[in-house]
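Before any comments, here is the structure.
The values are calculated or read from the model by the stated rules, or taken from the named source; none is laboratory data. This one's a predicted model, so the numbers in the text were calculated from it and none came from an experiment. We place every Cβ from the backbone using ideal geometry, glycine too, and count neighbours over all the protein chains shown. These accessible areas exclude ligands, DNA and RNA; they are computed on the full protein's heavy atoms, side chains included. Shrake-Rupley method; radii C 1.70, N 1.55, O 1.52, S 1.80 Å.
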Amino acid sequence: ILLLCVSGMRAETARYSVPEEAERGSFVANIAKDLGLTGEELLARQARLVPEGEKQYFQLNQHTGDLVVGEQMDREELCGQSEPCLVRFEVLLESPLQSFRAEVRLTDINDHAPVFPNKEIVLKIPESAMPETRFLLESAHDPDVGNNSLQHYRISSNDYFLVYTRQRSDGRRYAELVLDRALDREQKAEVDFSITAVDGGAPPRYSTALIRVVVLDINDNIPVFTQSLYKVSVMENSSQDTIVVVVSASDLDSGTNGEIVYSIVQNSEENFETFKINPEAGQIRLKKPLDYEETKTYEVDVQATDGGGLSTHCKVEVQVKDVNDNAPEVIITSLISTLSEAVPPNTVVALFNVRDQDSGDNGRTTCELTGEQPFRITLLAADAYALVTSETLDREQVEEYNVTVRARDEGSPALFVSKILLVRLLDVNDNAPTFTQAIYTMVMSENEPAGRSLGRLSATDPDAGENARVRYALVPPLTGTLAAASFVSVDAESGTVRSLRPLDYEKVRAFEVTVRAADGGSPPLSAQAVLRVVVRDENDNAPVLLHPPPDSSAAGELVPRWAPSGYLVAKVVAVDADAGQNAWLSYELAKATEPGLFRVGLQSGEVRTARAVTERDAARQRLIVLVRDRGQPPRSATATLAVALVDDFSDAFHQLGHDPASGEQPQVAEKEMLTTYLIASLCCVSSLFLLSVLILTANMLCKARVRAELSPPSPSCYADGDFASDGVGGTGTLSPADRYEMCLKSGPERSDFQFLRPVLP
């Protein structure tokens with residue numbers, strides 16, 4: 001709709017007139033009234049004048065809409081003899097973008113008087129000239145046009161001549177001198193009178209020249225041209241000294257009276273500056289190149305004069321043929337040099353005109369764009385165009401366009417001109433930041449102090465300016481989840497990730513947080529990535545003993561005297577809270593009463609006899625086992641084992657209960673007392689259970705039977721599992737394959753402990 005409105009408005013041209021030489025500030029017209037706008041609208045839409053040429057002759061008052069003269073204009077300087085004399089310009093409005101054509105006609109004022117090229121005109125006329133003979137005079141030149149131009153000639157009073165004013169086909173007037181009565185050289189050899197050229201101005205202006213007629217002796221034959229009118233055509237690109245035409249005249253007289261000399265009658269200054277003639281040959285040549293756009297037709301008067309002074313005239317009409325010597329011209333009337341990338345298609349970017357000074361096919365033009373670009377040209381009027389967008393724009397792909405507008409005429413060969421329009425795109429925040437990785441993995445050491453840099457996040461935004469400025473932030477975690485965001489921080493500008501506090505690998509081995517990258521646009525766009533932080537274990541935990549317990553001073557183990565080499569004595573069990581190499585444990589015997597008697601498995605922690613036990617070996621052995629991890633530096637723990645070499649288990653109780661060198665008798669006594677309490681409690685519970693079963697049985701038998709007396713206890717045999725609550729077997733580390741079956745007899749506190757046979761699987 002906007003383009004149709006602009007096209008419609010441009011189709012009508014506003015026309016005004018103003019006299020030439022009008023003073024600056026002279027009122028011409030009120031453009032606001034003609035456009036149907038108020039002065040406030042003109043001011044709001046930033047109305048301005050765009051001249052057709054390089055010079056601005058008018059000014060527009062944006063407050064009142066008055067069009068006034070900005071500089072004095074001379075019609076003759078601007079247009080010469082051309083009529084009408086028009087000064088064209090365009091009125092350009094913005095918001096929306098519109099243009100209107102206007103032209104001001106300069107009306108002529110009578111500011112020039114006719115001027116003769118020579119102040120004295122000499123004519124040689126033979127006395128034999130007959131009355132009514134006509135003689136062509138040099139024309140006076142008046143640069144004014146219309147009524148202000150030269151209108152007629154008059155001569156002063158004389159007895160022989162009259163003057164007539166004639167008009168040419170181009171409207172110019174010239175004078176013909178007519179002989180009114182015959183001359184008589186014997187009576188008067190020279191006739192002098194004045195001629196006056198008068199224009200039609202009010203008041204009229206005039207100019208006077210002196211005519212001196214020299215009466216010649218008789219010469220009864222005048223030259224005769226072969227043609228009274230010569231019509232020729234000349235191409236406008238003809239070079240200087242090109243022959244235009246050759247005129248020819250003949251004279252029947254002989255001798256000097258028959259010799260003919262050719263000359264151009266100076267009827268206009270333009271003809272005099274353009275053509276020259278060879279006096280003897282009659283060749284008319286160009287004095288300068290022709291320009292079809294300035295003058296299309298010339299009328300040249302040629303005079304042939306013989307040696308006796310007789311002359312005749314002919315007319316040469318020169319038609320200038322147009323040549324395609326003017327390339328089209330692209331005139332930019334409005335240009336939006338910066339354009340938002342979010343503008344829709346069909347947005348007007350520039351308005352321009354294409355003009356060609358040639359005529360016909362040489363002056364017809366076409367306009368096109370070169371290259372593949374998101375623009376197109378729309379025709380508004382005969383020579384007015386608009387450059388509009390043809391599709392959506394994207395600054396991230398192309399930041400600016402050099403739009404080349406090419407105008408070509410239809411001449412042969414065709415001429416063209418190119419105009420480059422620079423259009424820069426303004427950025428719109430239409431791209432969100434993009435992380436270089438979807439998941440970032442960083443490693444921090446256990447117990448690493450706060451403030452250490454773990455790495456750097458990176459996100460890019462193809463927009464520009466603030467729209468491309470990326471800021472980083474952690475996304476707040478959901479309620480009820482691990483507050484991993486309190487472990488690290490992200491620098492908002494650089495994306496550097498730093499630790500906020502030391503972490504314990506044994507509590508937190510890895511965690512994930514979500515990081516958001518937002519640009520500085522309005523509204524801002526953002527993207528998210530996952531940051532995974534892996535905690536690297538450090539060797540900050542020493543091995544912990546599970547067996548023997550770390551709070552016991554020494555674990556008691558029994559080894560029979562007949563134990564062979566490789567006999568399993570005990571097994572040291574330890575764990576390490578660290579991971580990896582820091583948790584790999586190795587066992588070694590650090591100290592022993594007899595170092596050669598026992599050995600420790602490096603990986604298993606099993607304490608075995610390194611050789612068979614002999615009678616010479618001490619009954620009580622003390623072993624210290626060192627447990628060490630493989631961290632750097634390594635950490636370790638020690639376990640103490642007390643081993644008793646016994647012949648039977650009765651000796652074992654004695655040796656374990658009375659060890660004067662151990663210094664631990666109160667503790668052993670306390671443990672024996674506790675064992676006694678546990679056995680007594682177990683017996684009570686068992687008795688109650690048996691009593692309940694007997695009572696229930698008795699009730700079922702209707703209390704028909706009498707309780708039988710129990711027989712005295714007999715030697716008992718204890719099988720596998722009967723030492724569950726015993727202080728000797730229950731806490732040992734022997735595997736099921738190394739257990740033994742034994743028998744004890746009831747009776748006194750001290751009994752014989754005797755090995756019977758091993759229990760084989």
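What 222 nm value per residue comes from the helices of the chain, counting each DSSP H run with n ≥ 4 as -39,500 (n - 2.57) and dividing by all residues, nearest 500 deg cm²/dmol?
So the helix-based figure for the chain works out to -3000 deg cm²/dmol.
At 7 Å along Cα-to-Cβ for each site, give me the label-to-label distance between ASP551 and ASN447 in nm.
2.6
Full extension from ASP647 to ARG285: what is 0.36 nm times the residue separation minus their Cα-Cα distance, to one decimal in nm?
114.8 nm
Mind giving me the nanometre distance, one decimal, between the label points for GLU120 and THR64, set 7 Å out from Cα along Cα→Cβ?
5.7
Can you pull the one-decimal nm distance between simple spin-label points at THR226 and GLU269, each 7 Å off the Cα toward Cβ?
Calculated label separation equals 3.6 nm.
Can you give the FRET efficiency for ARG498 and GLN632, using 1/(1 + (r/R0)^6), R0 = 22 Å, r = Cβ-Cβ distance, to the nearest 0.05?
After rounding to 0.05, the efficiency reads 0.25.
In the chain, what % of DSSP beta bridges are antiparallel (nearest 5)?
In the chain, DSSP labels about 80 percent of beta bridges as antiparallel.
For the chain, what is the charge dipole size about the Cα centre, in debye to the nearest 20, if Lys and Arg each add +1 at the Cβ and Asp and Glu each add -1 at the Cβ?
In total the dipole reaches around 5000 debye.
Averaged per residue, what accessible surface does the chain expose to a 1.4 Å probe, in Å²? Show your work: numbers first, answer last.
On the way: 41360 Å² over 761 residues.
The answer is 54 Å² per residue.
What accessible surface, in Å², does a 1.4 Å probe find on SER169, ignoring ligands, DNA and RNA and rounding to the nearest 10?
100
Just how much of PHE689 is accessible, in Å², when a 1.4 Å probe is used and the result is rounded to the nearest 10?
In the full protein context, PHE689 sits at about 130 Å².
Among the listed pairs LYS55/LYS287; LYS33/LYS55; LYS119/LYS296; LYS119/LYS231; LYS276/LYS296; LYS55/LYS288, which have their C-alpha atoms separated by more than 21 angstrom in this model?
Values: LYS55/LYS287 31 Å; LYS33/LYS55 25 Å; LYS119/LYS296 30 Å; LYS119/LYS231 32 Å; LYS276/LYS296 18 Å; LYS55/LYS288 28 Å.
Beyond 21 Å: LYS55/LYS287; LYS33/LYS55; LYS119/LYS296; LYS119/LYS231; LYS55/LYS288.
Among the lysines, which fall within straight-line cross-link reach of LYS591, defined as a Cα-Cα distance under 25 Å, with same-chain neighbours fewer than 8 residues apart omitted?
List returned: LYS571.
Suppose R0 equals 35 Å; then what is the FRET efficiency for GLN603 and LEU678 from their Cβ-Cβ distance, rounded to the nearest 0.05?
Using R0 = 35 Å, I get an efficiency of 0.45.
At 0.36 nm per residue, minus the direct Cα-Cα distance, what do SER526 and ILE109 gain on full extension? Give it in nm, one decimal, please.
142.7 nm
Of all accessible surface on segment 14-107 at a 1.4 Å probe, what whole percent is carbon and sulfur?
C and S atoms contribute 46 percent here.
For segment 448-509, compute Rh as the Kirkwood radius over C-alpha pairs and then the Stokes-Einstein diffusion coefficient at 25 °C and 0.890 mPa s; write the answer in µm²/s, rounded to an integer.
D = 183 µm²/s.
At q = 0.09, 0.11, 0.18, 0.22 Å⁻¹, what is the log10 ratio I(q)/I(0) for segment 339-461, with the Debye formula run over Cα points and no solvent?
-0.46, -0.57, -0.98, -1.22
Once Lys and Arg get +1 and Asp and Glu get -1 on their Cβ, which of PRO131, GLN62, LEU310 lies farthest toward the positive end of the dipole of the chain?
Value: GLN62.
Which helices count as membrane-span-like in the chain under these terms: full DSSP H, at least 24 Å along the axis by C-alpha, Kyte-Doolittle mean of -0.5 or more?
665-700
Hey, could you get me the Stokes-Einstein D for the chain, Kirkwood radius over alpha-carbon pairs, 37 °C and 0.692 mPa s, rounded to whole µm² s⁻¹?
Value of D from the Cα-based Kirkwood radius: 80 µm²/s.
Tell me, what are the semi-axes, in whole angstrom and largest first, of the equivalent ellipsoid of segment 53-189 as set by the roots of 5 times the Cα gyration tensor eigenvalues?
Working through the eigenvalues yields semi-axes of 52, 13, 10 Å.
Working out 0.36 nm times the residue gap between SER95 and ASP192, then minus their Cα-Cα distance, what length gain in nm do you get to one decimal? Kindly include the intermediate steps, with their values, before the conclusion.
Working: separation 97, 0.36 × 97 = 34.92 nm, distance 7.33 nm.
Once the chain is fully extended between SER95 and ASP192, it gains 27.6 nm.
Write down the percent of antiparallel bridges among all DSSP beta bridges whose residues are both part of segment 14-107, to the nearest 5. Please report the intermediate quantities before stating the final value.
Details: 18 of 24 bridges.
The answer is about 75 percent antiparallel.
Rounded to the nearest 0.05, what FRET efficiency do TYR16 and VAL246 give with R0 = 56 Å and r taken as the Cβ-Cβ distance? Could you check?
For R0 = 56 Å, the calculated efficiency reads 0.70.
How would you rank 427-433, 38-44, 603-609, highest first, on the average number of other Cβ atoms within 10 Å across their residues?
Ranked from most to least packed, the peptides come out as 427-433, 603-609, 38-44.
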